[in-house]
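In what follows, a single structure is set out as structure tokens and then discussed.
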Amino acid sequence: MTSGSDPGHTYIGVEGGATRTRVVVVDGQFHERARTEAGATAVDARYPERAAEAVCHLVREAMAIAGAGSRTEALWVGLAGAGRETARAGVEQALRELDLAAHLRVGTDLEASFQDAFADRPGILVVSGNGSVALGRSVRGRMAKVGGWGSLLGDEGSGYAVGLEGLKRVLQDVDRRGAETQLRTALMRAIGLEDPGELVVWAHDATKGDIAGLVPVVAESARSGDAVAGEILVHAVEELEGHVLTLLETLGPWPARPSVALGGGLLDPGGPLRRGMEAALVRHRIALVERRLDAAHGAARLAIRMAAEA
């Protein structure tokens with residue numbers, strides 16, 4: 001049994017990101033009793049009740065599957081976009097009003113993933129999906145973050161950055177100020193345009209997810225031998241490698257090099273940047289956490305801890 005937990009109670013963890021929301025219900029011995037999944041949960045500080053209602057619907061669905069009644073002992077919700085205190089506090093207050101749990105906390109999906117990867121141990125987590133960020137913990141428990149500044153000022157090595165660079169290289173090809181690339185044909189076909197000039201209007205109206213959604217086209221072009229597409233992916237890996245090296249320096253000294261966990265669609269097993277990052281870690285003699293991360297499980301563990309410490 002997890003220390004401080006009650007075997008008769010249920011504990012719920014939620015991971016809500018830009019593409020999906022997952023809910024896990026566990027008992028005090030961390031046996032999974034239910035799991036459910038739905039679409040993205042967006043956090044907008046102006047309308048925190050929207051995220052709260054989406055989470056509430058999915059939590060109640062999971063509780064019904066688990067036969068857990070209408071109220072759980074502890075609920076820990078990790079949401080993308082909850083890093084800003086106003087957004088986090090707004091969603092948390094809206095959830096409290098829905099009376100789902102005796103103990104409640106809203107944090108970020110990054111915190112939940114880190115908990116699943118390392119629990120209380122030192123380590124470094126790198127995530128690359130639509131956006132990108134890295135989080136580390138030193139041997140003395142100090143935390144530090146690199147990146148996560150959003151698409152306008154950051155997100156290096158992310159799906160958004162890869163897709164956007166692909167579009168830029170297409171227009172450089174059109175101008176003949178860059179190398180020829182099959183991305184010109186592949187991306188235009190994927191978007192459904194014929195005139196490269198229309199890319200300007202399309203990109204202006206596109207969402208972050210739309211642009212990140214071009215990554216499979218870039219990856220396929222790289223596999224087909226397109227040098228430009230290959231360069232884009234190599235550069236993305238170099239950016240994320242830099243995140244790791246920065247955290248090694250910031251959080252050191254280390255008695256031994258920490259392990260690194262990888263998450264997000266671009267770094268999950270089979271993701272387009274996975275093998276490149278694995279090779280980078282080998283070069284720096286850094287061990288990789290091999291398994292696929294489960295942020296909802298990490299959130300459930302945080303729920304159990306929160307109840308035990310209350």
Practice task
Can you tell me the order of 22-28, 33-39, 86-92 when each peptide is scored by its average per-residue count of other Cβ atoms within 10 angstrom, highest first?
Solution key: 22-28, 86-92, 33-39
Fill in the blank from the handout: Computed for the range 86-136: size of charge dipole around the Cα centre, +1 on C-beta of each Lys and Arg, -1 on C-beta of each Asp and Glu, debye to nearest 20, value 120 debye
Exercise for the section: Would you mind ranking D116, D99, D109, D268 so that the residue whose beta carbon has the fewest other beta carbons within 10 Å leads the list? Expected result: D99, D268, D116, D109
Handout entry: Helix 227-251 vs. the chain, principal-axis angle (Cα, 0 to 90°, nearest 10)
Key = 40 degrees
Fill in the blank from the handout: One would report the antiparallel percent of DSSP beta bridges in the range 121-290, rounded to the nearest 5, as 65 percent
Practice task
Sort 287-298, 48-59, 158-169 for me by packing, meaning the mean count of neighbouring Cβ atoms within 10 Å per residue, highest on top.
Solution key: 158-169, 48-59, 287-298
Handout entry: Computed E for T19/R142 - FRET, C-beta separation, R0 51 angstrom, nearest 0.05
Key = 0.95
Handout entry: Value of relative contact order over the chain, rounded to a whole percent, pairs C-alpha under 8 Å and six or more apart
Key = 22 percent
Problem - Helical contribution to [θ] at 222 nm, DSSP H n ≥ 4, -39,500 (n - 2.57), averaged over the chain, rounded to 500 - result: -14000 deg cm²/dmol
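Values in this text are rule-based calculations from the coordinates and carry no lab data. Quick caveat, the model's predicted, so the values are computed rather than measured. For neighbour counting, all protein chains shown are included, and Cβ atoms are generated from backbone atoms with ideal geometry for every residue, glycine included.
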